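The structure under discussion appears below in the form of structure tokens.
The values are calculated or read from the model by the stated rules, or taken from the named source; none is laboratory data. For clarity, every value in this text was computed on a predicted model and none was experimentally measured. For neighbour counting, all protein chains shown are included, and Cβ atoms are generated from backbone atoms with ideal geometry for every residue, glycine included. Just the protein is used for accessible areas: all its heavy atoms, side chains included, with ligands, DNA and RNA removed. Shrake-Rupley method; radii C 1.70, N 1.55, O 1.52, S 1.80 Å.
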Amino acid sequence: MCGIVGAVAQRNVSDILLEGLKRLEYRGYDSAGMALIDDPDTGIATIKTVGKVANLVAAAKKQGASGNLGIAHTRWATHGNISRANAHPHDSSGRVALVHNGIIENHETLRQELIAAGYKFATGTDTEVIAHLIHQALENGEGALLPAVTAAIARLRGAYGLGVIDRRQPDRIVVARSGMSLVIGAGIGENFVASDPLALGQVTDRFIYLEEGDLAQLTSDSIEIWNDGRRVDREIATLSGKAAEMDKGEYQHFMQKEIFEQPQAIRDTLSGRVSEEKVLEEAFGVSAGKIFDKVKQVQIVACGTSFHAGLVAKYWLESIARMPCQVDIASDYRYRDIIVQPGTLFVAVSQSGETADTLAALRYANAHNRKHVATLAICNVATSSLVRESDFCVLTMAGQEIGVASTKAFTTQLTLLLILAIVLGRRNGLASEDEARLVRDMNGLPDLVDKTLQLDKEIRKLSKQFSDKHHSLFLGRGIQYPVAKEGALKLKEISYIHAEAYPAGELKHGPLALVDSNMPVIVVAPNNDLLDKLRSNLSEVSARGGKLYVFADEGIGLESDRSCKVINLPGCPEVLDPILFTVPLQLLSYHAAIIKGTDIDHPRNLAKSVTVE
Ligand code: M6R
């Protein structure tokens, strides 16, 4: 998704901007650009390229780009095709240049108005209207950049994170935030702005997170922030170097590294949240206990992989907490006539905490007469909008996840959702000895994941049989159905092999028609009450010449034969099955993608953080 970097200093900032863009590459983008002011008389120098940031770096080098003031951007197309012209920064009359994250909903009306006023449009983007509006305000007598930006944004409907420069005021960047994240990096004799602090890790560790509606002016030695026309002070947070770390280490891809980091990520997520035999519910915050006392049911909203975590949690909340749970896709939630039952806890699950749909669902819940008992964020990014806007939060301690395909975020989300089920279960008849057993099981989870990761070589061999396939079917029963869905999502997003997941019992209601020797059928087969039923589903596939790949609990004694390849997982307590069985599916997708030669950490058309609706 789009990324912003800006800098004002007493030195050439071009390398700082380019390094910042490289650090934002993980968000996904299709083109990049940079605008610098060196000598105001020669104007704003703008360089844009389609494709990787490396192309922009080469173009900047060729042109000898330099300037003490600049803004830069990685674009992920929403309005207007992928082209050099549509890449940011956008300018108006060579005077104003700006970068923008977000979507301007009333851009068409504004465009018509600006055309009537004599402005010519050079791009198909929604963003260009903002540049012209600011230019118009400057020329109509606002004079200074800050009031001109204030006047322009008053006309906008939609979401924006903005960085704006004016050729005639080459000592300042004006930035504005509404619905999109922006962070100011404070330096000594220089200041910066970015959509993510990670982009500025090379120049500062001191950050100011802008809040909704903030407008700020940065010069090399000052940072001034306004909200709703009033000067405001915002706290400076210090982020350790570790938070900005982006190193693949011994691994070939971030996704691979993140898969193998799962034992530690789960350990870190459990730490401080459970003792040997008890959940420490204080970890949810001081007022959490009182909130949990009022909860009668749970509403989960999320997107993508996080949604799958919610679907798994529904089973745990029903069986452990004996509570009804509804799980909604965040992008649909606010468009329904939701009935909020008394005593509903609203839980938003998100790795990034910046997913536009999940945030919008949270805001909808917050605005909906606050009928929920409270809103809880389960999130991996402490400083995210989701965390800041929820009543309380609990953080997954997965560490930064860079690969677009979510892996360790998912298993740590599951870890926390299981803890949540126990905390709510306590109030609903879960006996302390049952809690103790569950917590002991959870404490054994990191080692079990570690053991499961040792299947890597075997799975790599198996993946060779997938490289020439175009379609695949994933099957799971009960709580394993969301795991099958997650496996299918992983395979399709990074290997581009079409993958569909079905509850195994649904096979004969349609999808069985697809089964033949070219359709691999991947099955997750834990040792539970549904095993015999699942065995019948396997026979249905074999009988039709289908090729089965079964990830099975070693305790069930399933053996490979001509039509069925079995990979045995270490036996584990049933409650942990969804977490353990996810791991081999992640490895399968990863190795299938390696063979197919796709861009694993940046799959085509996808972004790490989907910050538009
Ligand atoms: O940051 P979030 O967890 O809110 O992101 C939600 C989805 O965009 C994300 O899980 C997406 O589906 C991943 N690419 C899946 O691997």
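Numbers at a glance
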| quantity | calculated |
| --- | --- |
| So ALA348, is it of a type outside the set (Lys, Arg), open to solvent by less than 10 Å² (accessible area, probe 1.4 Å) and either away from the ligand (no atom under 13 Å from the Cβ) or outside the structural domain of GLY399 (by TED's automatic domain parsing) (or both) | no |
| Meets criteria (within 28 Å of THR219 (Cβ to Cβ) and open to solvent by 10 Å² or more (accessible area, probe 1.4 Å)) for ARG111 | no |
| Lone unmet requirement of (1) modelled with pLDDT of 95 or more; (2) closer than 25 Å to ARG234 by Cβ; (3) open to solvent by 30 Å² or more (accessible area, probe 1.4 Å); (4) in contact with a strand residue (DSSP E or B) (Cβ under 6 Å, 6 or more places away or on another chain) for THR150 | (4) |
| Any strands (runs of 3 or more DSSP E) falling wholly within segment 1-65 and containing at least 2 residues that are buried (at least 24 other Cβ atoms within 10 Å of the Cβ) and assigned by TED's automatic domain parsing to the domain that holds VAL174 | 3-8, 31-37 |
| Residue list for segment 358-367, filter: within 15 Å of the ligand (Cβ to nearest atom) and either surrounded by fewer than 24 Cβ atoms within 10 Å (Cβ to Cβ) or aromatic (Phe, Trp, Tyr) (or both) | ALA360, ARG363 |
| Candidate set: segment 421-460, residues that are crowded, with 21+ Cβ neighbours inside 10 Å and of a type outside the set (A, V, I, L, M, F, W, C); chosen: the one farthest from GLU281 (Cα to Cα) | THR452 |
| Residue match in segment 197-214 (condition: exposed (fewer than 13 other Cβ atoms within 10 Å of the Cβ), in a loop (DSSP other than H, G, I, E, B) and small (Gly, Ala, Ser)) | no |
| Failed item in (1) free of Cβ contacts under 8 Å to residues at least 40 places away in the same chain; (2) within 16 Å of the ligand (Cβ to nearest atom), with LYS490 passing the rest | (1) |
| Subset of segment 515-531 that is outside any loop (DSSP other than H, G, I, E, B) and either under 33 Å from the mean Cα position of the chain (by Cα) or small (Gly, Ala, Ser) (or both) - its residue that is surrounded by the most Cβ atoms within 10 Å (Cβ to Cβ) | VAL524 |
| Selected residue (criterion: nearest to the chain's Cα centre (by Cα)) from residues of segment 532-555 that are part of a helix (DSSP H, G or I) and among the aliphatic types (A, V, I, L, M) | LEU534 |
| Only one of ILE300, ILE338 that is open to solvent by less than 40 Å² (accessible area, probe 1.4 Å), assigned by TED's automatic domain parsing to the domain that holds LEU386 and more than 16 Å from the ligand (Cβ to nearest atom) | ILE338 |
| The lone exception for TRP316 - which of (1) farther than 28 Å from ILE494 by Cβ; (2) open to solvent by less than 20 Å² (accessible area, probe 1.4 Å) it fails | (1) |
